[in-house]
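Below: the structure, in structure tokens.
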Amino acid sequence: MSVITEKDIVQAACHLGHPTPKWNPKMAKYIYGSQKGVHIFDVVQTKRALEEVCSILSKMQAEGKTVLFVSTKQQSIPYIEMFNEALSQPIVTKKWMPGLLTNWNTIKKRIKHYLDLQNSFKTGDINKYTKKEQTALRKELTKLDIALGGVSAMNGVPDALFVIDAVRDHVAVLEARKLKIPVYGICDSNADPDLFTKCIPANDDAVRSIEYIMNTVLQAMGGSAPAKKPDNN
């Protein structure tokens, strides 16, 4: 794992929270102060938390456990996808399907249907249907791919959840907590740290912050190729 420094955390803008009126008071213990109306995180705590989360997830990866990485925030998608590409961990980047965790038995059947449908297109078995039926099935496959493509290899509920934005993807967090699945991730100044098993107090909006934190986690878990910043950022 690369060495985590307070200097790098600041250079990546991880220390910048939301405007002071838009904070969650529960985050007070992680706040160093404010500057120009924006909360500033205590980078000592951010560094310590990032190191702890990296250690936990590294151990889970080594033990072959499943960590579901979630973020439907556009600028974070490349940094979630790399966990699937490099480590074969499941991801959700497009849409959280309600009940994905809490109604797993039903979702499992949907995943099987998705994989069977996907296979029918690959093998040509789809040709036994009429043109109209094929069109309808293709549309269904597209919808299922958006909802289930990143979790199609999951055999059961994950051992942990990692979320970039706990406010945006709060349904995923609440489902995990209902099942007592450990929740890790970035907790910005507007989020509730009590929803996490262990949070990383940091900026969850800036691409540089997301890039730094997620690449650090990836390397800790054994990924070898840090993600590059998207061209449009």
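The values are calculated or read from the model by the stated rules, or taken from the named source; none is laboratory data. Because the structure is a prediction, the values reported are computed rather than measured. Cβ: placed from backbone, ideal geometry, glycine included. Neighbour counts: every protein chain shown.
Please go through the range 174-201 and give me each residue that is assigned to a loop (DSSP other than H, G, I, E, B) and at negative phi, ordered by number.
Leu179, Ile181, Pro182, Asp188, Ser189, Asn190, Ala191, Asp192, Phe196, Thr197
Quick check on this structure: which one of Ala172, Ala166, Ala147 is surrounded by 15 or more Cβ atoms within 10 Å (Cβ to Cβ), in contact (Cβ under 8 Å) with a residue 24 or more places away in the chain and not assigned by TED's automatic domain parsing to the domain that holds Ala28?
Among Ala172, Ala166, Ala147, only Ala147 is surrounded by 15 or more Cβ atoms within 10 Å (Cβ to Cβ), in contact (Cβ under 8 Å) with a residue 24 or more places away in the chain and not assigned by TED's automatic domain parsing to the domain that holds Ala28.
Going residue by residue through the range 206-225, is there one that turns out to be surrounded by fewer than 17 Cβ atoms within 10 Å (Cβ to Cβ), modelled with pLDDT under 95, out of contact with any Cys (no Cβ under 8 Å at 6 or more places or on another chain) and not hydroxyl-bearing (Ser, Thr, Tyr)?
There is at least one residue in the range 206-225 that is surrounded by fewer than 17 Cβ atoms within 10 Å (Cβ to Cβ), modelled with pLDDT under 95, out of contact with any Cys (no Cβ under 8 Å at 6 or more places or on another chain) and not hydroxyl-bearing (Ser, Thr, Tyr).
Go over the candidates Thr197, Thr130 one by one and state the one that is over 30 Å from Pro21 (Cα atoms) and among the polar types (S, T, N, Q).
Thr130
Consider the range 27-42. How many of its residues are free of Cβ contacts under 8 Å to residues at least 24 places away in the same chain and either assigned to a strand (DSSP E or B) or in contact with a strand residue (DSSP E or B) (Cβ under 7 Å, 6 or more places away or on another chain) (or both)?
Summing the residues that are free of Cβ contacts under 8 Å to residues at least 24 places away in the same chain and either assigned to a strand (DSSP E or B) or in contact with a strand residue (DSSP E or B) (Cβ under 7 Å, 6 or more places away or on another chain) (or both) in the range 27-42 gives 6.
In the range 82-108, which residues are part of a helix (DSSP H, G or I), within 13 Å of Gly150 (Cβ to Cβ) and without any contact (Cβ under 8 Å) to a residue 60 or more places away in the chain?
Scanning the range 82-108 gives Glu85, Ile107.
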